[in-house]
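First the structure, in the form of structure tokens, and then the observations on it.
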Amino acid sequence: DWWRQVGAVLERDGKILYEVCNVHMPHEHVMGMRGDPRANFDAGIHTELSCAHHAERRIIAVAAADGVATAGSNLYLTVFPCQNCAYSIVAARIKRVFYSSGYSQLGADETLRSNDVELIHVNMG
């Protein structure tokens, strides 16, 4: 995950609430110091074994920390969310997810759609 640069924007009623990107915990150098636990798996496999704080979950956490409701908002992503992020998106009651590229863990698609989250692919050219 250290090589994947993912951005997220949370918007509601035409107003941008937050913009974030994925970060690594406890600090940005952890992958160089300890190695990448995901290096032993194909993309989409064991996504829970990561030092990355995914942009999707991070933006929801930042909004929660500030007391900002996410229900009914739109989430714009550079990459389709993984399954764990999909759970967070559903729990946050985000209504639309815009994304520009796919992700290998396709179970997130069903999780989002079955919970009335509209998925909108944006072709970036």
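Summary of values
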| read-out | value |
| --- | --- |
| Members of the range 85-94 found to be surrounded by 16 or more Cβ atoms within 10 Å (Cβ to Cβ) and either touching a Ser or Thr at 6+ places or on another chain (Cβ under 9 Å) or more than 15 Å from Ala63 (Cα to Cα) (or both), listed by number | Cys85, Ala86, Tyr87, Ile89, Val90, Ala92, Ile94 |
| Qualifying positions in the range 83-101 - modelled with pLDDT under 95 and under 12 Å from the mean Cα position of the chain (by Cα) | Gln83, Asn84, Cys85 |
| Leu112 surrounded by 14 or more Cβ atoms within 10 Å (Cβ to Cβ), assigned to a strand (DSSP E or B) and of a type outside the set (S, T, N, Q) | no |
| Number of positions in the range 59-84 that are buried (at least 21 other Cβ atoms within 10 Å of the Cβ) and farther than 21 Å from Asp13 by Cα | 3 |
| Residue match in the range 68-79 (condition: in contact (Cβ under 8 Å) with a residue 40 or more places away in the chain, out of contact with any His (no Cβ under 7 Å at 6 or more places or on another chain) and more than 16 Å from Val20 (Cα to Cα)) | yes |
| Neighbours by Cβ (under 6 Å, 6+ apart or cross-chain): first from the range 9-20, in contact (Cβ under 8 Å) with a residue 40 or more places away in the chain and among the hydroxyl-bearing types (Ser, Thr, Tyr); second in a strand (DSSP E or B) and crowded, with 17+ Cβ neighbours inside 10 Å | Tyr18/Leu10 |
| Condition check for Ile120: crowded, with 20+ Cβ neighbours inside 10 Å and closer than 22 Å to Leu17 by Cα | no |
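The values are calculated or read from the model by the stated rules, or taken from the named source; none is laboratory data. These figures come from a predicted structure and were not determined experimentally. For neighbour counting, all protein chains shown are included, and Cβ atoms are generated from backbone atoms with ideal geometry for every residue, glycine included.
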